[in-house]
1. Could you please find all residues in segment 9-41 being of a type in the set (A, V, I, L, M, F, W, C) and out of contact with any helix residue (DSSP H, G or I) (no Cβ under 7 Å at 6 or more places or on another chain)?
2. I35 fails exactly one of the following numbered conditions: (1) over 17 Å from S108 (Cα atoms); (2) surrounded by 17 or more Cβ atoms within 10 Å (Cβ to Cβ); (3) modelled with pLDDT of 65 or more. What is the number of that condition?
3. Could you tell me which residue of segment 83-98 is modelled with the lowest pLDDT, considering only residues that are of a type outside the set (G, A, S) and within 12 Å of the chain's Cα centre (by Cα)?
4. Give me a count of the residues in segment 98-112 that are surrounded by fewer than 17 Cβ atoms within 10 Å (Cβ to Cβ) and among the hydrophobic types (A, V, I, L, M, F, W, C).
5. Quick one: would you say Y126 is of a type in the set (F, W, Y) and either surrounded by fewer than 18 Cβ atoms within 10 Å (Cβ to Cβ) or under 15 Å from D11 (Cβ atoms) (or both)?
6. Across segment 94-133, which residue is nearest to L36 (Cα to Cα) among those that are in contact with a strand residue (DSSP E or B) (Cβ under 7 Å, 6 or more places away or on another chain) and β-branched (V, I, T)?
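The values are calculated or read from the model by the stated rules, or taken from the named source; none is laboratory data. Because the structure is predicted, anything quoted here is derived from the model rather than measured. A quick note on method: Cβ atoms are made from the backbone with ideal geometry, for glycine too, and the neighbour counts reach across all protein chains shown.
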Amino acid sequence: MIKNRILVPNDGSEFCRQIYPHITKFIPPEDTELILLRVGSQPEGMVGAPPRPAAMNVSVPMYDTHQDAQMAAHPIYASQVYDSAEAEIKRAMLEDARGLEEAGYQVSVEVRFGDRAEEIIKYIDYNPVDMVAMTTHWRTGIQKLIFGSVAQQIAGQINIPILMIRPDHSNN
C-alpha cells in the first residue's frame, strides 16, 4: 500500500536529475511512489492549406505551394505528433525510472504538454500528491523577470510540501 506520492518534475536535464540523491537520502523508499513528470512543448500537426479551385469552371484543386500539396497528400496530424512525442519522452525517462526503482521506490512516469508550471500545478490539482521534489535555479531580479521561475510559480499556487534543491550550477 502506497502511503506517500511524491511528484518529481523533470525536464530531462542533468540539472533536474540532481534532485535524485536528495530524494534517496531523505525519503525512504518503503511505501513511496515517485511520479516522474515531464512537460513537453505542445505538439502541432503539419497539414497543408486547403486547396482552392484552379478556375471558376474547373473543379481541379490547386495548392498555393508545392509544400501545401505534399502536406495535403501526406498530412501529419497533431494526434500523431502527440503520440510520438509522448512515447519518446517516456522512453527517455526510463533510465531515471529504473535507477529509482533499483533504489527501492515504486516509480511511474507521466507526460503532459503545454506550459511547464501550469501543467505541473494542474497535475497536483487533479491527482493525489503528498509532496513535490524538484530542483530550482531560484533566479532573482532581472534573471527572474526574463527567464521566470517554474519553481516559484508552483510554490505560490500549491498547498503541499515542496522539497526544493538549488544544486550545483556547474552541472547544467
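1. Of everything in segment 9-41, those that are of a type in the set (A, V, I, L, M, F, W, C) and out of contact with any helix residue (DSSP H, G or I) (no Cβ under 7 Å at 6 or more places or on another chain) turn out to be C16, I19, I23, F26, I27, I35.
2. (1)
3. E86
4. Selection size over segment 98-112: 1.
5. yes
6. Ranking the qualifying residues of segment 94-133, first place goes to V109.
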